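Structure first, commentary second.
The values are calculated or read from the model by the stated rules, or taken from the named source; none is laboratory data. Remember, predicted model here, so these are calculated numbers, not experimental data. Counting neighbours? That spans all protein chains shown, and the Cβs are built from the backbone with ideal geometry, glycine included. Areas reflect the complete protein model, heavy atoms only, side chains present, ligands, DNA and RNA absent. Shrake-Rupley method; radii C 1.70, N 1.55, O 1.52, S 1.80 Å.
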Amino acid sequence: MYENTSAVLEAVRLKCVRGERLIFENVGFQLCSGEVLQIDGPNGSGKTSLLRILCGLAVAEEGEVNWKGRSINDDLAEYVREVNYIGHNNGIKSELTPLENLVVARSLMSSNREFSLMEALAQMNLSDIADIPVRKLSSGQCRRVALSRLLISQARLWILDEPFTTLDDNGRHLVQDLIATHARKGGNAVIVTHESLNLPEVILNKLTL
Amino acid sequence: MLRHINQFASPKNFYALSCKLVHYFGGACLLLFVAGVFGGLLFSPPDYQQGESVRIIYVHVPSAWMSLFVYIVMAGAGTIGLIWRIKIMDVIARSSAPLGASFTFLALATGSLWGKPMWGAWWVWDARLTSELILLFLYLGYIALQSAIEDPRMAARAGAILALIGIINIPIIHFSVEWWSTLHQGPTVSKLDAPSIHIDMLIPLLLMALAYMCYFISAVLMRARCDLLALERNSAWVGELIGERSR
Amino acid sequence: MKSNLLDVFMTILKRDLSLGLSRSSEIANPLIFFFIVVMIFPFALGPESNLLQRIMPGVIWIAVLLSATLSLDMMFRSDFEDGSLELMLLSRYPMTLLIMAKITAHWLLTGAPLILASIFLGVLLNLPVESLLYLFITMMLGTPVLSMVGSAVMALTVGLRGGGVLLALLILPLYIPVLIFSIAAIDNAILGLPITGEIYILGALLVLAITLAPFATSTSLRIRFG
Amino acid sequence: MNRKRRNVVFAVCFIVAGMTIATTLALKAFRENLLYFYSPSQVQAGKAPQSRPFRIGGLVEEKSVVRNPDNLTVQFVLTDTMQTVTVVYDGILPDLFREGKGVVANGKLRSDGVFEAFEVLAKHDENYMPPEVADALAAANKPITVNSVVKPE
């Protein structure tokens, strides 16, 4: 199966039910190495639910998600090593500083040890505030702290839920550049956003729920 | 293999099968209950020590047995539902809880009524009674958790975990009378050698136990059917069913 | 691999400890609550010291159960709300390991201070030395069980509306065995009776909790996210 | 797959080891005496508490029950076939209170060694039979086991 298609990430006939309400069904797509998928749709169409299914946090009512030709539930622990999920919530603690937050994040994920945390923060324009507790930062700066996790991880699949909310123009460009670079190196990204993405030299698939 | 089981346990097939089973077990329950009540109240002899008061045994002991049995069913069905994601099992686990709570309450209440004249106290804090009371709390907690979580699938799975945590109480209840020197008497029927109860009393007792069991099965199936219809109300087979009925 | 596991355990432990210390009210409030509950009893029962001495170990244990229940909220709620738990569930390490670190931190932040507070109150209320000693021993064995069983049940109710009362409803019946055997041990110890049986049981409960709680908690958390 | 299997094996070993230790501890505990009530032998050996209430369990000795005709006060002797304790009680006795049967009394030991009960509970055994059968058994001199109160030491 895997030999015939070069799809790395494949979703087959996914169905999602919340409570007694059908959110979506028959959702499927294939991503080959280096491809990016943009997911769009009206509020409540299940974009976040789909992302949570893709990263293995939730289980679909029906259908399957395959990674490199195998169902992700075969070995979820192995799969999540390849995933970097930045959800709607930033997953950072407001009592800790950006640097401390990154220390915890790095120890949890398969990280690129050579890339120092300060470098990551510098690349996100956060070096001045690396030692200020996150609760004193603006929401855009918080989002940048969360997104700087992308820089320290070695995950091949990025799953991003509305990454651009509360970011300024500079931040948007920064993150789009990151995604494009990641894709050109052969990585994949699944992004929920309403904005039109500008990713030069990258195959961009679109899925509307 | 799993697909076969899933097929068999599909809500539609289960619904059709349970319609028949409810009738069989309901009828059996009624017959056994009548036989048990008459046997227990009229034909069985009074006890050599307790006299006529012993007759409460025919209500008390089966409900105490059922309180444990239903918990095991609830935890077992919940676990199967949790691991293999079989919806029917979730529904059965959820439907069992109020029945189990009722049996437990009945066991505690009748035990209390029996204890007052026999032991001389409505309630004593011995191991059997305390652990049975904790069982009632576990059932109530399970029901409260079910009603607090809106998503029925998540509720069922969370309930399964809670039931599994609480299952440690079941052996404690069963063996409490042997492990601790309690006021409550030891097991009578399940002793490995011959049961130390006279055959004329044993038969109505077993009849009543079977009646309780049939009641539980038919009641849990009825509850499960209602639950299932509500859960699957958007699915095709329920639509067909309603169409057939209204025609 | 081995040292990595230890590293990540220590990282999470340090993180939770520093988070707890920076939100000092979350640690202080259960302790204050504990003192108030214990102090209410003399008001209700009168200051007769014989009676108080007899019931105080039980009173202190009940207060510990209640404030342990209150303190469980800090274990998962903020992590649930800000998405940190998702990060942990998607980490490369087994969730059970991270949960053990969180439980350890929770015990250090709440269980250990409660033990110290109990001994302090015991001295203040003139409890005999045996009571104090066995209060200490039973609490060393019992309070970790409270944290562990609590984490499993807390994981089930995290993020639910009205979760606080529900949590108490679910958890207090599960705490009863710890209470029963601790009090039995203290009572017997005061009378000079053997207490090895009760201590064995508390030890068995502790081992059982250590074995099963991390798995139950991680399954519960996955369910709450699923 | 390999890593996953190793994790599963590790988890299973961990659980099995934990359960084994817990069971061992619990079994050790049950070999100790987890008391709900004290036996007359223990009371006579001075093992029961002196200054506070406790429960005492045993058989009511045959022909030891003395009722006071003026009030409800009853006096009887409790035995575990080795030692005896005299019990006084002021109240209504339960139906099952018989000579030769098991009871559990809740109360305090007086300084003269008499147990002053404020509650007497009858412990009935797990045997149920019609009176005729019991009579027949008695006639055949087959002992009906009523020793569930008296724990063999």
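Observations on the model:
- Top-ranked residue of the range C:136-161 - restricted to ones that are in a helix (DSSP H, G or I) and among the small types (Gly, Ala, Ser), ranked as farthest from the chain's Cα centre (by Cα): C:Ala155
- The residue of the range B:37-67 that is farthest from D:Leu137 (Cα to Cα), among those that are over 18 Å from the mean Cα position of the chain (by Cα) and crowded, with 21+ Cβ neighbours inside 10 Å, is B:Gly40.
- Residue check for C:Asp82: among the acidic types (Asp, Glu), out of contact with any Gly (no Cβ under 6 Å at 6 or more places or on another chain), more than 13 Å from every other protein chain (Cβ to nearest Cβ) and open to solvent by 10 Å² or more (accessible area, probe 1.4 Å): no
- Each residue in the range B:113-126 was checked for being open to solvent by 20 Å² or more (accessible area, probe 1.4 Å) and within 7 Å of another protein chain (Cβ to nearest Cβ), and 2 of them qualify.
- Counting only helices (runs of 4 or more DSSP H) that sit completely within the range A:111-209, those holding 1 or more residues that are within 24 Å of A:Gly56 (Cβ to Cβ) and open to solvent by less than 60 Å² (accessible area, probe 1.4 Å) correspond to A:139-147, A:149-152, A:169-184.
- Residue within the range C:201-218 that is closer than 23 Å to D:Tyr38 by Cα and over 17 Å from the mean Cα position of the chain (by Cα) present: yes
- Verdict on A:Gly140 being under 26 Å from A:Asp40 (Cα atoms) and touching a residue at least 60 places away in the same chain (Cβ under 8 Å): no
- Any chance D:Thr84 is at pLDDT 85 or above, open to solvent by 40 Å² or more (accessible area, probe 1.4 Å) and of a type outside the set (D, E, K, R): yes
- If only residues of the range A:32-53 that are over 25 Å from A:Glu201 (Cα atoms) and of a type in the set (A, V, I, L, M, F, W, C) are counted, the one that is farthest from the other protein chains (Cβ to nearest Cβ) is A:Leu50.
- Here is the figure for the range A:54-79: residues that are in a helix (DSSP H, G or I) and open to solvent by 10 Å² or more (accessible area, probe 1.4 Å) total 3.
- C:Leu170 being facing chain D (nearest Cβ under 9 Å) and in a helix (DSSP H, G or I): no
- Matching residues, the range A:54-90, being basic (Lys, Arg) and more than 14 Å from chain C (Cβ to nearest Cβ): A:Lys68, A:Arg70
- Taking (1) within 14 Å of chain D (Cβ to nearest Cβ); (2) in contact with a helix residue (DSSP H, G or I) (Cβ under 7 Å, 6 or more places away or on another chain); (3) touching a residue at least 60 places away in the same chain (Cβ under 8 Å) in turn, C:Asp187 satisfies each apart from (2).
- Pairs with Cβ under 6 Å, 6+ apart, first in the range D:44-68 and more than 19 Å from D:Leu109 (Cα to Cα), second modelled with pLDDT under 85: D:Glu62/D:Glu99; D:Glu62/D:Gly100
- All positions within the range A:151-166 that are aliphatic (A, V, I, L, M) and at pLDDT 90 or above: A:Leu157, A:Ile159, A:Leu160
- Listed conditions (1) open to solvent by 30 Å² or more (accessible area, probe 1.4 Å); (2) modelled with pLDDT of 80 or more; (3) closer than 28 Å to B:Trp123 by Cβ are all met by D:Phe76, apart from (1).
- Residue check for B:Leu30: closer than 30 Å to A:Gly63 by Cβ and open to solvent by 20 Å² or more (accessible area, probe 1.4 Å): no
- Of the listed requirements (1) open to solvent by 10 Å² or more (accessible area, probe 1.4 Å); (2) not in a helix (DSSP H, G or I); (3) not hydrophobic (A, V, I, L, M, F, W, C), C:Arg54 misses just one: (2).
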